[in-house]
Amino acid sequence: MPIRDYVWAYTGRHLLYVQDAGGDENFHIFRVDLGDGKTTDLTPFAGARAELVKRSPTQPSTIMVAINDRDPKVHDLYKLDRRRGLRGERQGAVRARQPRPRHRRAGLDRPRQPEADRAGGGRARRRW
């Protein structure tokens with residue numbers, strides 16, 4: 001099975017990639033150690049799908065992953081220790097993403113800006 005996507009870990013010693021088994025679309029996250037070539041399945045949960053959500057250069061040994069092992073409709077967010085392959089406490093639940101429309105509406109072709117609550121009510125736009 002070919003590897004569709006991979007990313008470098010911030011340690012510079014590992015590659016991370018996602019792959020399913022036989023086209024079942026239950027992707028697992030794998031780590032390859034470039035020193036010895038050993039491959040480890042970081043999400044070895046049967047029948048569950050895992051997604052790599054976030055890596056951080058400030059925490060190079062951990063990654064955020066979404067796994068639907070508790071409920072197939074909901075991906076739970078976990079902080080995973082990449083070195084040992086252990087997941088920590090559940091960080092929250094993430095519903096399946098809805099695809100965004102590819103068309104642009106008139107007047108909405110600029111990137112959206114985040115909004116913040118005003119003290120007196122209403123919304124105020126805030127720049128990044």
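Within the set of pairs 6 or more residues apart or between chains, which connect a residue that is on the phi > 0 side of the Ramachandran plot inside the stretch 28-54 to a residue that is at pLDDT below 90 and in a strand (DSSP E or B) with Cβ atoms less than 8 Å apart?
Short answer, once both residue conditions are applied: G47/D69.
Let's see how each residue does on (1) of a type outside the set (V, I, T); (2) more than 15 Å from L15 (Cα to Cα); (3) at pLDDT 55 or above; (4) in contact with a Pro (Cβ under 9 Å, 6 or more places away or on another chain):
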{"site": "V32", "(1), (2), (3), (4)": "no, no, yes, no"}
{"site": "S56", "(1), (2), (3), (4)": "yes, no, yes, no"}
{"site": "Q98", "(1), (2), (3), (4)": "yes, yes, no, no"}
{"site": "Q113", "(1), (2), (3), (4)": "yes, yes, no, no"}
{"site": "A119", "(1), (2), (3), (4)": "yes, yes, yes, no"}
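Residues of the stretch 1-28 being aliphatic (A, V, I, L, M) and touching an Asp or Glu at 6+ places or on another chain (Cβ under 7 Å), which ones?
Scanning the stretch 1-28 gives a single hit, V18.
Can you tell me which residue in the stretch 5-55 is nearest to the chain's Cα centre (by Cα), limited to those that are assigned to a strand (DSSP E or B) and among the β-branched types (V, I, T)?
Filtering the stretch 5-55 for residues that are assigned to a strand (DSSP E or B) and among the β-branched types (V, I, T), the one nearest to the chain's Cα centre (by Cα) comes out as V53.
Just to verify a result, which residue in the stretch 34-54, among those that are over 18 Å from W8 (Cα atoms) and touching a strand residue (DSSP E or B) at 6+ places or on another chain (Cβ under 8 Å), is surrounded by the most Cβ atoms within 10 Å (Cβ to Cβ)?
Ranking the qualifying residues of the stretch 34-54, first place goes to R49.
Suppose we keep only residues that are basic (K, R), in a strand (DSSP E or B) and at pLDDT 65 or above within the stretch 67-93. Which one would you say is farthest from A46 (Cα to Cα)?
This residue is K79.
Which of (1) hydrophobic (A, V, I, L, M, F, W, C); (2) at pLDDT 85 or above; (3) loosely packed, with under 11 Cβ neighbours inside 10 Å is the odd one out, the single condition M64 does not satisfy?
M64 satisfies every listed condition except (3).
The values are calculated or read from the model by the stated rules, or taken from the named source; none is laboratory data. None of these values were measured; they are calculated from a predicted model. Don't worry about glycine lacking a Cβ; one is built from the backbone with ideal geometry, like all the others, and counts go over all protein chains shown.
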